[in-house]
Structure formats: C-alpha cells, structure tokens
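One structure below.
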Amino acid sequence: MHVTFLKVRSSYLNKNYIFRFIFLTGLLFHSIFQIAYAQELEPRAYSNAPVGMNFLIAGYQYSDGALIFDPSIPVTDANARVNAEFLGYVRTVDMAGKSAKVGVVLPYADLSATGYVNNVYRTRDANGIADPTFFVSINLSGAPALSLSEFKDYKQDTIVGFTLKVSAPLGQYDNTRIINLGTNRWSIKPELGISKSVGRWSFDAAIASAFYTENDDFDSGKTRKQDPIYSAQVNIIYSFANKVWASIGTTYFEGGRTSINGIESNDLQQNWRNGFTVAIPVDGNNSFKIFGSSGVSTRTGTDYDALGIAWQYRWGGGI
C-alpha cells in the first residue's frame, strides 16, 4: 500500500509553530475508535502534551474482509464492508502532577455483511450508531503535567503510562440478528504502555486485556459470555524535519473464546495485524492523519483490511 506524503508549506515551519506542533499531534485520534476492540494499533498514545488543550476529531474509515463489530461472533466464511464515521473529543488534564488525557468517541457506521450461520447463508445490512467509547490515560513516569510555556523545555526520554477504556452498550442492536453494530454488553480494557525516544525515532510497546460483561439477549434471548482478549503491540515512529511523522506497527491478540447458554464455542482468537499511520500538519490548529491496517495471520473473525483518514482541530491551553 502506497502513502502519499503531503508537502507542508514552509511558511508554517517557524520556530513557534514547530514548538506548538511537536508532540501535540501525537494524540492518535483513531486509536480511540474501538470498532475492532482489542485489535487497534496506537502509535504515540502516551506522548506528552500541555495541560488544558482540547482536541476535536472527525474521521472516516473503510474496512473490508472478515470484520465483525463483536470480534467473536460465530459466523463462518464471513465478509463485511463497513463505512464508518466517527466524532471524538479529547482534553489534556493534570492528574496529581502527571499529564493525562480524557476523551470520548461517537461512531456511526454503514455495514453490509454476508456469512454462514449453522451452514445457512445469511446477509446483513445495517446503519446507525455503534457503541461509544470513553477513556482516561495517565502518564505515570517521564511526562509531567506542564503548561504551554513550561512545555517548550520538555524533551521526551522514556514514558510509562496507563490507559483505561470503557465501551458502553448504546449502539444499534437487534436481538434477532447475529451481526450488529452494537454489542449489547459493556467492555473494559486496561492497558500499560511504554514509549522511548531516541533522536527522530521513538519506540512504543503496550500490553492490554479486554474484559466483557454477558450479553443476555443474544440471538433471541440466549446468554452469551466471552473470555478476555489479551493483546500486545509494538510501534516504530519516525519524525521528519517538516514535523510530518510516520509509524509502522504490529499487534498480536489472543483469547476471546465464547459460550452460548453454557456451551463453549470453538472460536479462540490468535491473530496478528500490521498497520501504519502518517500525521500531516496543516497549520497551528489543524492536522490530518492517514492510517491503515491489515490482517497477517488469523484464526477467527478479524482478517480484514482497513484504511482511513481523520482531521483534528485543537484549541485552548494557551495556544
């Protein structure tokens, strides 16, 4: 897959702009878009930023393949095309002297899916709201809470951070359908991450676990349970002289076996995905990101390709 790097006009590359832009665009807005739950790649998720800043994010993602909003649905030979839009808000805050972020994302999607359920071919078309996600992230070490004026002297070395994400069962759900935009259950995902910067390069790694409540109205009233999904990811990021940055990464996730009315399903996940992100500054308040990912090795239900673009506008914090 080829990515075109857009040229940034030199009039924006003054000293003040560079200071204001560096690290701030590290808030990867598509990382909080939880359509695929445990499978997302999140480069620069723990980058530091001045407190009091606000980020409004709007984006679009196209996905094609064995993609299901609930990644352990027992469908064979599944294929789905999803056109998804999302709107998000993120704010940087001070938590006990540590830099932190709180945010929410609201997704809307158009889904067209086919597959076999108990050897019966089925189709599914739906559009509407998917489950929203709320999150809080705190940098435990290496990234203190700083004002904009203090931030100009900050230089990243090693950051250790923690993130907690919660997905609420507010998306569109039809209990007579196997595949839905919403999941009719809560999910909670704690994550521990580390980021190391060396010159223009930075290296991220994270481990996480996603836990799920029961869906007590699955397939016309059945009770469906799912084991946790455990994941790990690594990202390599390079920052160019014009403050465009690009990353490549890989993630592995395992677990998620389900049971329906106490009967265990043969749907253990053991999957690899690779992805990329490119961040492009436009001016002091606006930036764009292009991102994509693809399944590399898949056991159950998540062998899909995705490509998206998002726009970010930031204000506050003294800029």
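The values are calculated or read from the model by the stated rules, or taken from the named source; none is laboratory data. Values in this document were obtained by computation on a predicted structure and should not be read as measured data. In this analysis, Cβ positions are derived from the backbone assuming ideal geometry, glycine residues included, and neighbour counts consider all displayed protein chains.
Values for this structure:
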{"quantity": "Tally of residues being assigned to a strand (DSSP E or B) and either in contact with a Cys (Cβ under 6 Å, 6 or more places away or on another chain) or not aromatic (Phe, Trp, Tyr) (or both) across region 240-253", "calculated": "6"}
{"quantity": "Counted residues, region 245-258 - those being surrounded by fewer than 16 Cβ atoms within 10 Å (Cβ to Cβ) and hydroxyl-bearing (Ser, Thr, Tyr)", "calculated": "0"}
{"quantity": "Residue identified as over 25 Å from Glu42 (Cβ atoms), in contact (Cβ under 8 Å) with a residue 12 or more places away in the chain and over 21 Å from the mean Cα position of the chain (by Cα) among Phe218, Phe240", "calculated": "Phe218"}
{"quantity": "One residue from Gly255, Gly262, Gly316, Gly301 being in contact with a helix residue (DSSP H, G or I) (Cβ under 9 Å, 6 or more places away or on another chain) and either on the phi > 0 side of the Ramachandran plot or modelled with pLDDT under 90 (or both)", "calculated": "Gly255"}
{"quantity": "Conditions (1) over 20 Å from Gln269 (Cβ atoms); (2) not in a strand (DSSP E or B); (3) not hydrophobic (A, V, I, L, M, F, W, C): number failed by Thr163", "calculated": "(2)"}
{"quantity": "Selection count, region 152-188, where residues are at pLDDT below 95 and among the hydrophobic types (A, V, I, L, M, F, W, C)", "calculated": "3"}
{"quantity": "Per-region count, region 259-271, residues surrounded by fewer than 16 Cβ atoms within 10 Å (Cβ to Cβ) and under 20 Å from the mean Cα position of the chain (by Cα)", "calculated": "1"}
{"quantity": "Test: Ile207 is of a type outside the set (S, T, N, Q) and within 23 Å of Asn139 (Cβ to Cβ)", "calculated": "yes"}
{"quantity": "Selection from region 183-210 of residues that are over 23 Å from Ile237 (Cα atoms) and buried (at least 22 other Cβ atoms within 10 Å of the Cβ)", "calculated": "Thr183, Ser187, Lys189, Ala210"}
{"quantity": "Subset tally (residues that are part of a strand (DSSP E or B) and either among the β-branched types (Val, Ile, Thr) or within 16 Å of Ile229 (Cβ to Cβ) (or both)) for region 265-289", "calculated": "8"}
{"quantity": "So Tyr121, is it more than 21 Å from the chain's Cα centre (by Cα) and part of a strand (DSSP E or B)", "calculated": "yes"}
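Residue by residue, here is whether (1) part of a loop (DSSP other than H, G, I, E, B); (2) of a type in the set (A, V, I, L, M, F, W, C); (3) within 24 Å of Gln269 (Cα to Cα) holds:
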| residue | (1), (2), (3) |
| --- | --- |
| Asn184 | yes, no, yes |
| Lys189 | no, no, yes |
| Lys196 | no, no, no |
| Ser231 | no, no, yes |
| Tyr238 | no, no, no |
